[in-house]
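Have a look at the structure below before the remarks.
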Amino acid sequence: MCLRSRSTFLWAIFIAEGFLELSNHANPAPPVVLTIAGFDPSAGAGVAADLKTIAAHNCYGVAAVTALTVQSTQGVKSVHDTPAAELRAQLDTLLEDIKISAIKIGMLGHRGNAVVVGEFLDRAGVLNVVLDPVMKSTSGQADLVDAGGAKYIAEELLKRATVVTPNIAEAEALSGISIKDHAGMEAAARKIVDRGARAVVVKGGHMDKAIDVFFDGVEVLRFGGEHLKSENTHGSGCTFASAIAAQLACGRPLREAVLLAKAYVTKAIEKGYSIGKGPGPLDHFYRVRQEPPARGVHEVPQHGMHPAAEPGAH
């Protein structure tokens, strides 16, 4: 008997003997997290990184694409922004159909898209909104939002976010404060809250020590960490913001969500790998890494029991 015929035969036995309980009941859906960001063909950053992060946190990710970038691990070559009308249509279509538990906002491209997102947030009424105010590519090769978009982010989107996650350069742009040390990070965080943000995490990945400064208008907290000896950090900012969004969607309070996201990103960088000639991606699924099946092993495991029939699987 060939392997495929044997596999089909075993499935028939499992069903006939009641090993597989077939039913039409609906499985409960996980929290849905929406990412609004650009697309990176190398899948290290943007919506691809966000969706992987969201899945790694046992949530379901949906996406509205703000731009198509031409890039690889070696950097961004060009950016093609989504027209505002098309972004609005993407968002409205999702809102009409799906209950969204959290939103992560990344690259917006231009003011038109930023305005569309602001108006969408007002209509959607989603409580958990994480704003990663992306302005330039990590290499500095490309502007990822125009001047009008950056102004709208600073004046309007800050007010609509649960938490804002700028890096050092973005925090300087949003606060108008030059940051040289951790005291400067704290001053910038306070200024950003003064300008309307409910909470902010200034990311210190480019400082001597990887300390992030959190401020929620009441208390300043520092989440510390040592620099990892890894160049595979492509998309770490996107991953951090989407991890916070996923934690909020799962019901975590903000401070805990930020702390858990920091721990996740640190470990994902540690486990990161190179896929090209430039900085590689994080390992978003380091928690669930599985050994590949042996060659020649198909649908039915050699022990003869399908996972759905294992005790407790129903």
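The values are calculated or read from the model by the stated rules, or taken from the named source; none is laboratory data. The shown structure was predicted, so the numbers you read here are calculated from the model rather than taken from an experiment. Neighbour counts run over all protein chains shown; Cβ positions are idealised from the backbone, glycine included.
Determine whether the range 213-233 contains at least one residue that is surrounded by 23 or more Cβ atoms within 10 Å (Cβ to Cβ) and modelled with pLDDT under 95.
Yes, the range 213-233 contains at least one residue that is surrounded by 23 or more Cβ atoms within 10 Å (Cβ to Cβ) and modelled with pLDDT under 95.
Just wondering, is there one or more residues in the range 211-227 that are in contact (Cβ under 8 Å) with a residue 24 or more places away in the chain, of a type in the set (Val, Ile, Thr) and closer than 20 Å to His284 by Cα?
no
So which residues in the range 186-225 are closer than 19 Å to Val130 by Cα, in a helix (DSSP H, G or I) and of a type in the set (A, V, I, L, M, F, W, C)?
Selection gives Ala188, Ala189, Ile192, Val193.
Considering only the range 150-185, how many residues are under 24 Å from Gly235 (Cα atoms), assigned to a helix (DSSP H, G or I) and of a type in the set (Gly, Ala, Ser)?
6
With Gly61, Gly109 as the choices, which residue is within 16 Å of Asp132 (Cα to Cα), modelled with pLDDT of 95 or more and out of contact with any His (no Cβ under 8 Å at 6 or more places or on another chain)?
Details: Gly61 fails: within 16 Å of Asp132 (Cα to Cα).
Every option except Gly109 fails the conditions.
Kindly provide the set of residues from the range 62-86 that are hydrophobic (A, V, I, L, M, F, W, C) and in contact with a Gly (Cβ under 8 Å, 6 or more places away or on another chain), ordered by number.
Val65, Ala67, Leu68, Val79, Ala84
So which residues in the range 238-277 are polar (S, T, N, Q) and assigned to a loop (DSSP other than H, G, I, E, B)?
Residue satisfying the conditions is Ser274 alone.
Looking at the range 179-201, I want the residues that are farther than 19 Å from Ile153 by Cα and have a partner that is at pLDDT 95 or above and of a type in the set (S, T, N, Q) with Cβ atoms under 7 Å, at least 6 apart or on another chain. Which pairs are those?
Gly184/Ser178
Within the range 20-109, which strands (runs of 3 or more DSSP E) (wholly inside it) include 2 or more residues that are in contact (Cβ under 8 Å) with a residue 60 or more places away in the chain and either in contact with a Phe, Trp or Tyr (Cβ under 8 Å, 6 or more places away or on another chain) or surrounded by fewer than 23 Cβ atoms within 10 Å (Cβ to Cβ) (or both)?
Ranges flagged: 32-39, 60-72, 75-81.
His182 is checked against (1) over 25 Å from Lys267 (Cβ atoms); (2) surrounded by fewer than 21 Cβ atoms within 10 Å (Cβ to Cβ) and fails just one. What number does that condition carry?
(1)
Name the single residue, out of those in the range 238-277 being small (Gly, Ala, Ser) and surrounded by fewer than 23 Cβ atoms within 10 Å (Cβ to Cβ), that is nearest to the chain's Cα centre (by Cα).
Ala263
Just name the residue that is surrounded by the most Cβ atoms within 10 Å (Cβ to Cβ) out of those in the range 283-312 that are at pLDDT 50 or above, in contact with an Asp or Glu (Cβ under 9 Å, 6 or more places away or on another chain) and not aromatic (Phe, Trp, Tyr). Write out each step before concluding.
Restricting attention to the range 283-312, the residues satisfying the condition of being at pLDDT 50 or above are 283-296.
Now drop any that are not in contact with an Asp or Glu (Cβ under 9 Å, 6 or more places away or on another chain), which leaves 283, 286, 289.
Those left that are additionally not aromatic (Phe, Trp, Tyr): 283, 289.
On the way: Asp283: 18, Arg289: 8.
The qualifying residue surrounded by the most Cβ atoms within 10 Å (Cβ to Cβ) is Asp283.
Considering Ala169, Ala147, which residue is surrounded by fewer than 16 Cβ atoms within 10 Å (Cβ to Cβ) and within 21 Å of the chain's Cα centre (by Cα)?
Only one candidate qualifies: Ala169.
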